[in-house]
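Comments concern the structure below.
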């Protein structure tokens with residue numbers, strides 16, 4: 001995928017932002033603006049790991065121990081396991097004799113199916129949010145240096161609306177390393193010349209070294225962006241480089 005021309009801000013239409021690989025979203029967001037262009041259907045998923053439930057419920061223990069003054073804990077929900085786990089933790093705190101006045105808000109994507117085990121649970125409120133909500137907060141958090149999945153960002157969007165709430169985010173993702181300026185110039189040169197030798201590419205970018213051009217070409221070839229094409233020019237055998245179609 002070539003970058004947009006200099007001075008032009010690209011706009012990408014993402015049909016199903018909750019299903020696309022999150023690193024691809026980071027790459028697109030670094031190149032331009034994101035918006036939705038379709039609907040996302042939720043898919044119910046069964047979950048049976050009691051160990052994970054026991055681990056997730058400790059989130060509410062930490063919130064309680066730190067005396068964070070909130071009324072709602074907003075969590076992203078696709079399977080509903082995180083919301084169920086936190087509600088279980090709240091119930092255990094209450095059974096231990098503590099005064100607990102907290103509720104879990106499970107944020108599901110529009111069109112998703114609510115798991116039966118979440119329905120009518122005492123401490124869980126269910127809301128639905130749109131793809132637009134997910135991408136709005138995804139873009140906002142990304143600009144703040146917080147890398148999270150669109151589903152998690154959707155929960156953050158709802159938490160901003162509900163007073164007295166805290167959002168649980170899943171973070172820790174890092175965007176793919178960006179290409180160097182030289183690599184970008186190589187792509188632009190090949191787009192202009194169609195086919196060229198490494199020497200010809202370097203002649204169009206004399207501020208860089210020929211060795212650097214070769215390294216950039218090798219990197220772009222490993223990414224599948226540049227392809228080589230052996231040709232004969234008279235008695236000489238040359239390697240031409242072009243953008244992979």
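Every number here is computed from the coordinates shown, using simple stated rules; none is lab data. All of these numbers come straight from a predicted model, not from anything done at the bench. We place every Cβ from the backbone using ideal geometry, glycine too, and count neighbours over all the protein chains shown.
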### Measure of compaction for the stretch 50-94 (Cα Rg per 2.2 N^0.38 Å)
1.10
### Task
Can you tell me the FRET efficiency between residue 69 and residue 170 if r is taken as the Cβ-Cβ distance and R0 is 25 Å, rounded to the nearest 0.05?
0.60
## Note on the structure
Taking only the alpha carbons of the stretch 181-243, the radius of gyration and the largest Cα-Cα distance, Dmax, both in angstrom, are 11.0, 35
### Summary
Using the Kirkwood formula on alpha carbons, the hydrodynamic radius of the stretch 51-209 in angstrom works out to 18.5 Å
### Length added when fully stretched, residue 200-residue 61, from 0.36 nm per residue minus Cα-Cα
43.7 nm
#### Entry: Label point at residue 228 placed 7 Å out along Cα→Cβ; residues across the stretch 199-219 whose backbone nitrogen lies under 20 Å
199-204, 209-219
### Message
Test of understanding: what is the full-extension gain from residue 120 to residue 160, defined as 0.36 nm times their sequence separation minus their Cα-Cα distance?
### Response
11.9 nm
## Note on the structure
Simple SL model, points at 7 angstrom along Cα→Cβ for residue 192 and residue 207; separation in nm is 1.2 nm
### Query
R0 = 41 Å: FRET efficiency of residue 99 with residue 143, Cβ-based, nearest 0.05?
0.60
